[in-house]
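Structure, as structure tokens:
The values are calculated or read from the model by the stated rules, or taken from the named source; none is laboratory data. Predicted model, so just to flag it, every value in this text is computed and none were measured. Note that we place each Cβ from the backbone using ideal geometry, even for glycine, and neighbour counts take in every protein chain shown. For accessibility, only protein heavy atoms count, side chains too; no ligands or nucleic acids. Shrake-Rupley method; radii C 1.70, N 1.55, O 1.52, S 1.80 Å.
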Amino acid sequence: MKKDYLFIIVLGLFINISIFAQVTVIANDDSITVNGELGGFFSMQALNNDIYPAGYAITQLSTTHPSVYLANNNGSISVLRGTPAGTYYIQYKLCQINSTTNCDTATITVDVCNISPPVIQNITQPTCNNSRGSVTLEGLPTTGSWTITQYKYYNITTEITGSGTNYTINDLEPGNYTFKVKNSTGCSSTTTVPAQINYINGISGTMTGRYIDYNNDGITNVGDRISYQFSITNQLNCPINNIEIGQGSGAITISGSPIASIPAGATNTSVTAIHLLTQSDINAGFVSAWASATGTTPGGSSLYIKLFTDFTLNIARGIKLNPFIDTNNNGIQEISEANFTQGNFNYRINNADPVHYLYTSNGVPIIYETNPANRYDINYGIYNSCAGEYSLPISSYNNVTVPANSGITTYNFPIRAFPCEDLKISISGSQLRPNTIYYNYLYFGNNGNQNASGTVTFTKDPHLTIINMNEYGLTPTSTGFTYQFTDLPPGSHISMRIKMQVPNLPAVTLGSQLTTSASITISQNDSDPANNVSSLTQTITGSYDPNDKMESHGNKILFSQFTQNDYLTYTIRFENTGNGNAQDIKVTDILDSRLDENLLKMITSSHAYALERTTNNLTWKFDGINLPPSSTNPETGKGYILFQVKPKSNYAVGDIIQNTAKIYFDSNPAIITNTTQTEFVATLSAEEFENNNLSFYPNPVKDKLNLNLNDSGSIKSFTVSDITGKQILTKNTSSANIEIDFSRFSKGIYFVKVTSVKSQKTIKIIKE
């Protein structure tokens, strides 16, 4: 075996020697020009134009100056810094390795020149009317042409060729510049010292914060404000134009920017900003924010500064209520133990009515309090359908006070869970109009305390076409789609937006209703099968009301099919149609007396909320929502609330449950939604349910509203009511075509109840 290896090695050497022998070495003379002040190292310069094999040896034979020589055995040349000007020669020999015959010699001519760098004679800085500067160079070569190389921050930006002993380089934007020159023989100088073209620095300013107790309760809490005032000063002798204050950090909303112009030497204080306090701000005890101010001079120079401020908050005092799943039963919330959201708190102050009920999107409300004398009795209850599978070692605290300077005190409500499975699903939708995109929103989740897997089935109305089937990995069916999910953790949910196309008239008609539905697989041990299905029935309208309320059953409910386990499902939709962000939104709702406010539960909402209920009065607060206007992006600027409530047990056929919500954007007057009317009926006739034969237009209306009955019957009567339900016009008729004069009515929302021999219908009309 060793002999075989030896044979291979010898054969390889023979092959290499044979290859080397095939190349005849040819060394050619070469030349190079070097600035002696700079010197240099020039890699493989001697071999640039030579012919040689892969294995070669190069040897210096002689040099005419010791500072000019071959640096190593790869043909590199070294010229030491400070070598005097002159012409020098290096003679070398190039051979094939292990050969004394395959060799050649050559000479390298090294011209060492001595050219000084240019002298920076003058620097002209930018002015108000000229955003660029200039540099004048002297000491350029006296004879022949030259080439100036210009560097900005060590990067070559341009090369200029010319002649003469001085030259001015114009149109230089702010920055550091260096220059070197090369003469006509190719000799290059070293670079100059840097020449600084300065930015114009003529803008200054301050950013000052001021606390605003937004709800005037005397304590620092979520939704209060820090108001910032910007003071911008022009330090130049010319105006500054297009001054814009830009948001840096601190989640500030700026007003009054941009400023068209600030005269020379003047100060402007017209720009302000607002920061909405969050719980994180209160916990930290301070708010840090910064912004930028930019502007331009008449000559186009850009100006920029940063403005910083810190604002210290007064420490808030209150009670934090913290329910969580206590998996290890130690009464302490670990990092891995999630908060529980399927419950609500109630409390009395000083043992007096009313009782306050609290719901929050994260399940952890905070009660702010400044009066140490107030005493709270606090209780916690679970409205989850798995309630029987949870135990509450601590379900209440009594005589809780908030001492002075105590900050936020946390009261824990550990929850012990026993195995329980419960899947839930809810469906809501956008408004339904012909020839538009219609959205359904599926919200399904795991109400239980075990990981859950299953299938969601969505069934669309036959008139609708789904147009985003691939967005969520859905499996199409002939009537909609299915969606598989696995190991959904307890307390988790999935939100899904289904995009559908509504056909144009006459494929659908105004006043007709479309129904979509969804279900989630019912596991064998599901504790509440009733919440595994959900449906939504909506009426096609010809107008769009961005702030409205609806109930999912479509106005009429068959009494025999509505059980004690069923809920009415309400959606309140709101939209910012203004031209600025809505910093806070409040929604109020007084539940109908036929609804049991004690059986209310939140399903979901588009944004984080806090809900407080006293008796049948509901108030949702979206403090710090900062909702942008929908005019900038139709997909933003909108929100919704989805909740359920049961009728009282004595509901009967003929009962009509009405509900109206009020929506407040910041300090603006309330926007009152339509009034939902849900009637329990003994039977559903085709005419009552579909009511496709009545058309009405235009809507919104300015003057005349037309009603047309599209069958052989006639309209017997109609009644017009305002938003409060007050009847303002009633008339009996016997015609299929009616014209109602709306010109005498004030702007607003009206309801027209139309009665024929076969059916009746109430339509919502907007008066412009």
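Checked against (1) at pLDDT below 90; (2) open to solvent by 50 Å² or more (accessible area, probe 1.4 Å), Asn350 passes all but a single condition, namely (1).
To keep it simple, each residue is scored yes or no on (1) touching a residue at least 40 places away in the same chain (Cβ under 8 Å); (2) part of a strand (DSSP E or B); (3) of a type in the set (Asp, Glu); (4) surrounded by 14 or more Cβ atoms within 10 Å (Cβ to Cβ).
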{"position": "Gln150", "(1), (2), (3), (4)": "no, yes, no, yes"}
{"position": "Thr157", "(1), (2), (3), (4)": "no, yes, no, no"}
{"position": "Val181", "(1), (2), (3), (4)": "yes, yes, no, yes"}
{"position": "Ser184", "(1), (2), (3), (4)": "yes, no, no, no"}
{"position": "Thr192", "(1), (2), (3), (4)": "yes, no, no, yes"}
{"position": "Tyr199", "(1), (2), (3), (4)": "yes, no, no, yes"}
{"position": "Met207", "(1), (2), (3), (4)": "yes, yes, no, yes"}
{"position": "Thr220", "(1), (2), (3), (4)": "yes, no, no, yes"}
{"position": "Gly223", "(1), (2), (3), (4)": "yes, no, no, yes"}
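Scanning region 473-494 for residues that are farther than 28 Å from Ser385 by Cα and in a loop (DSSP other than H, G, I, E, B) yields Gly473, Leu474, Thr477, Ser478, Thr479. Out of Tyr304, Tyr380, one residue alone is in a strand (DSSP E or B) and surrounded by fewer than 14 Cβ atoms within 10 Å (Cβ to Cβ). It is Tyr304.
A count restricted to region 718-743 and to residues that are crowded, with 17+ Cβ neighbours inside 10 Å and either touching a helix residue (DSSP H, G or I) at 6+ places or on another chain (Cβ under 9 Å) or among the polar types (S, T, N, Q) (or both) stands at 1. Among the residues of region 417-440, those identified as farther than 29 Å from Asp545 by Cβ, open to solvent by 30 Å² or more (accessible area, probe 1.4 Å) and either small (Gly, Ala, Ser) or out of contact with any helix residue (DSSP H, G or I) (no Cβ under 6 Å at 6 or more places or on another chain) (or both) are Ala417, Pro419, Glu421. For region 462-469, the criterion of being assigned to a strand (DSSP E or B) and either more than 29 Å from Ser391 (Cβ to Cβ) or modelled with pLDDT of 90 or more (or both) is met by at least one residue. Taking the listed residues Ile77, Ile51, the one that is in contact with a helix residue (DSSP H, G or I) (Cβ under 9 Å, 6 or more places away or on another chain) and either without any contact (Cβ under 8 Å) to a residue 40 or more places away in the chain or closer than 30 Å to Thr191 by Cβ (or both) is Ile77, with no other qualifying. The single residue among Pro414, Pro393, Pro403 that is open to solvent by less than 20 Å² (accessible area, probe 1.4 Å), at pLDDT 90 or above, in contact with a Pro (Cβ under 8 Å, 6 or more places away or on another chain) and of a type outside the set (A, V, I, L, M, F, W, C) turns out to be Pro414. Just a yes or no: is a residue in region 597-607 touching a Gly at 6+ places or on another chain (Cβ under 9 Å), in a loop (DSSP other than H, G, I, E, B) and either open to solvent by 70 Å² or more (accessible area, probe 1.4 Å) or touching a residue at least 24 places away in the same chain (Cβ under 8 Å) (or both)? Yes; the residues of region 597-607 include at least one that is touching a Gly at 6+ places or on another chain (Cβ under 9 Å), in a loop (DSSP other than H, G, I, E, B) and either open to solvent by 70 Å² or more (accessible area, probe 1.4 Å) or touching a residue at least 24 places away in the same chain (Cβ under 8 Å) (or both). Is there a residue in region 89-99 that is of a type outside the set (Lys, Arg), surrounded by 15 or more Cβ atoms within 10 Å (Cβ to Cβ), farther than 25 Å from Tyr52 by Cβ and in contact with a strand residue (DSSP E or B) (Cβ under 9 Å, 6 or more places away or on another chain)? Within region 89-99, none of the residues are of a type outside the set (Lys, Arg), surrounded by 15 or more Cβ atoms within 10 Å (Cβ to Cβ), farther than 25 Å from Tyr52 by Cβ and in contact with a strand residue (DSSP E or B) (Cβ under 9 Å, 6 or more places away or on another chain). Among the residues of region 130-148, the ones that are under 10 Å from Tyr167 (Cβ atoms) and surrounded by fewer than 16 Cβ atoms within 10 Å (Cβ to Cβ) come to 1 in all. Considering region 470-481, the residues that are open to solvent by less than 30 Å² (accessible area, probe 1.4 Å) and at pLDDT 90 or above include one that is nearest to Ile437 (Cα to Cα), namely Gly480. Put simply, of Asn166, Asn170 the only residue that is open to solvent by 30 Å² or more (accessible area, probe 1.4 Å), closer than 30 Å to Ile243 by Cβ, more than 41 Å from the chain's Cα centre (by Cα) and not small (Gly, Ala, Ser) is Asn170. Against the test of being polar (S, T, N, Q), farther than 30 Å from Lys586 by Cβ and either at pLDDT below 90 or open to solvent by less than 50 Å² (accessible area, probe 1.4 Å) (or both), the options Ser746, Ser695 yield a single qualifying residue, Ser695. Residues that are of a type in the set (Gly, Ala, Ser) and on the phi > 0 side of the Ramachandran plot within region 406-453 comprise just one, Gly407. With respect to the conditions (1) within 30 Å of Lys621 (Cβ to Cβ); (2) modelled with pLDDT of 90 or more, Gly218 falls short on a single one, namely (2). Each residue in region 332-377 was checked for being in a strand (DSSP E or B) and under 14 Å from Thr401 (Cβ atoms), and 7 of them qualify. Selection over region 307-347 of residues that are of a type in the set (D, E, K, R), surrounded by 14 or more Cβ atoms within 10 Å (Cβ to Cβ) and under 29 Å from Ile226 (Cα atoms) gives a count of 2. Kindly establish whether Lys638 is open to solvent by 40 Å² or more (accessible area, probe 1.4 Å) and within 17 Å of Ile590 (Cβ to Cβ). Against the criterion (open to solvent by 40 Å² or more (accessible area, probe 1.4 Å) and within 17 Å of Ile590 (Cβ to Cβ)), Lys638 does not qualify. The set of residues in region 227-255 that are in contact with a Lys or Arg (Cβ under 9 Å, 6 or more places away or on another chain) and surrounded by fewer than 23 Cβ atoms within 10 Å (Cβ to Cβ) comprises Ser227, Gln229, Gly248.
I need every pair where a residue in region 745-768 that is touching a residue at least 60 places away in the same chain (Cβ under 8 Å) and more than 19 Å from Ser512 (Cα to Cα) has its Cβ under 8 Å from the Cβ of a residue that is among the hydroxyl-bearing types (Ser, Thr, Tyr) and surrounded by fewer than 15 Cβ atoms within 10 Å (Cβ to Cβ), sequence separation at least 6 or different chains. Correct list of pairs: Lys767/Ser746. Among the residues of region 419-427, is there at least one that is touching a strand residue (DSSP E or B) at 6+ places or on another chain (Cβ under 8 Å), over 30 Å from Thr457 (Cα atoms) and either of a type in the set (A, V, I, L, M, F, W, C) or modelled with pLDDT of 90 or more (or both)? No, there is no match, as no residue in region 419-427 is touching a strand residue (DSSP E or B) at 6+ places or on another chain (Cβ under 8 Å), over 30 Å from Thr457 (Cα atoms) and either of a type in the set (A, V, I, L, M, F, W, C) or modelled with pLDDT of 90 or more (or both). Scanning region 60-67 turns up no residue that is modelled with pLDDT under 90 and open to solvent by 50 Å² or more (accessible area, probe 1.4 Å). Residues of region 485-508 being within 19 Å of Lys460 (Cα to Cα) and surrounded by 17 or more Cβ atoms within 10 Å (Cβ to Cβ), which ones? Residues satisfying the conditions are Met496, Ile498, Met500, Val502, Val508.
Residues that are of a type in the set (Gly, Ala, Ser), touching a strand residue (DSSP E or B) at 6+ places or on another chain (Cβ under 6 Å) and open to solvent by 30 Å² or more (accessible area, probe 1.4 Å) do not occur anywhere in region 551-571. Could you look through region 112-122, keep only residues that are open to solvent by less than 60 Å² (accessible area, probe 1.4 Å) and in a strand (DSSP E or B), and pick out the one that is farthest from Asn48 (Cα to Cα)? Out of the qualifying residues, it is Ile120.
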